[in-house]
1. Quick check: with the 1.4 Å probe, what order do B:E73, A:E123 take by accessible area, largest first?
2. Using a 7 Å offset from the Cα along the Cα-to-Cβ direction at both A:A10 and B:N44, what is the distance between the two label points in nm, to one decimal?
3. Heads up, I need the accessible area for B:I11: 1.4 angstrom probe, whole protein in place, Å², nearest 10.
4. In what sequence, largest accessible area first, do A:D42, B:D55, A:D23 appear using a 1.4 Å probe?
5. Taking R0 as 56 Å, what FRET efficiency do you get between B:T71 and B:S138 from their Cβ-Cβ distance, rounded to the nearest 0.05?
6. Along the charge dipole of the range B:17-163, Cβ charges K/R +1 and D/E -1, which of B:I136, B:I97, B:M48 sits furthest on the positive end?
7. Run the quick spin-label model on B:N91 and B:K12: label points 7 Å from Cα toward the beta carbon, then report their separation in nm to one decimal.
8. Can you tell me the Rg and the Dmax, both Å, for the Cα atoms in the range A:74-123?
Amino acid sequence: MSYTTYKKIASVTVGVTSQLSLDFTNIPATYTDLLLLASTRDDRGADFTAMTLQFNDATTNFSWRSLIGNGTSAASYNGTNTTIFDGNNATNSTTSTFSSVYIYIPNYAGSTNKSFYVDAVSENNATLAWTNLLAGLWSNTAAITKVSLLLSGTIKFVQHSSATLYGIRKS
Amino acid sequence: MPATYEPIGAIKVLGSAVSNITFSSIPTNYTDLILVCNIYPNTNSSNMRMTYNSDSGSNYSVTYLGGNGSTPESGRASNQTSMDMAYLGSNTWGNVIIQIQNYSNATTSKTAISRSNGSSVLTALYVGLWRSNAAINSITLTSSQGSNIAVDSTFSLYGIKAA
């Protein structure tokens, strides 16, 4: 097999100017699945911040269930409209420590509703850190052409945060 | 750069719903396998059950950790005739990513890790064991609880090579 199955579509790295979001736009429909890998930290004055995942700038018709561990206990949550997962490393967490985010979106360009998977973890040299598993559904049949990671309000991703979007082909 | 993530096969359900799908004649020249599924159970919420090499003996066991939206849960089952590798909601798209390590060796039992993503019922990790030393040459996924796998469901199998 000569062609590349797992191909980088684009990457974003935050420079000295912090950013409100990490966006991938004009995503081609030529792959089977998408994989987004991100390493992120933000400027909120707290240990951690919740992160939001959006497709095509939509803020409705999302639904999800998550399983969360914080180093002390486990919990499970569900939600609608926006997809939110806890635990992005923020200002008060251990210096130079970034969260890791894995998002898999099968059949992103198809004409069915879009299911997706999020695995997000953070570390901290303290009692509290987060591990998240999340199953999500965007009840929309449009092809996904834009994927965004956002925080809340004026909170921004800081320098050295990065994200890479890969396209994965089937045979 | 050598290709380490290669497509082996793909299945899309066409025409009418099916109870199971099978990848057969899987080559042995990879290190690991990854199976990516986008599934729509058409009647009831359904466990997706996996078997290898058409083995229906009581040679499988499973452990899982999941969250149903309000409570974390864990369970396991031994001496099963298949491995539950996902639990997906009825009439809802869900996805499953299964990694099968060292699938082609002929000297050890085979383990697999599944990330099961049913947004209306459960997000979960499953670990499955097949107590056989045989190389895996076929994989079958079967829907349960009276549900079939609906049209447009897709399954992609990839081979991962060690460097």
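1. Working: B:E73 60, A:E123 115 Å².
Correct descending sequence by accessible area is A:E123, B:E73.
2. In this crude label model, A:A10 to B:N44 measures out at 4.6 nm.
3. 40 Å²
4. Working: A:D42 5, B:D55 35, A:D23 60 Å².
Ranked from most to least accessible, the order is A:D23, B:D55, A:D42.
5. Details: r = 36 Å, r/R0 = 0.65.
FRET efficiency, B:T71 to B:S138: 0.95.
6. B:I136
7. 2.5 nm
8. 14.2, 44
The values are calculated or read from the model by the stated rules, or taken from the named source; none is laboratory data. A quick note: this is a predicted structure, and the numbers were derived from the prediction, not measured. Here Cβ is always computed from backbone atoms with ideal geometry, including for glycine, and neighbour counts include all displayed protein chains. Quick note on the areas: whole protein, heavy atoms, side chains included, nothing else; ligands and nucleic acids left out. Shrake-Rupley method; radii C 1.70, N 1.55, O 1.52, S 1.80 Å.
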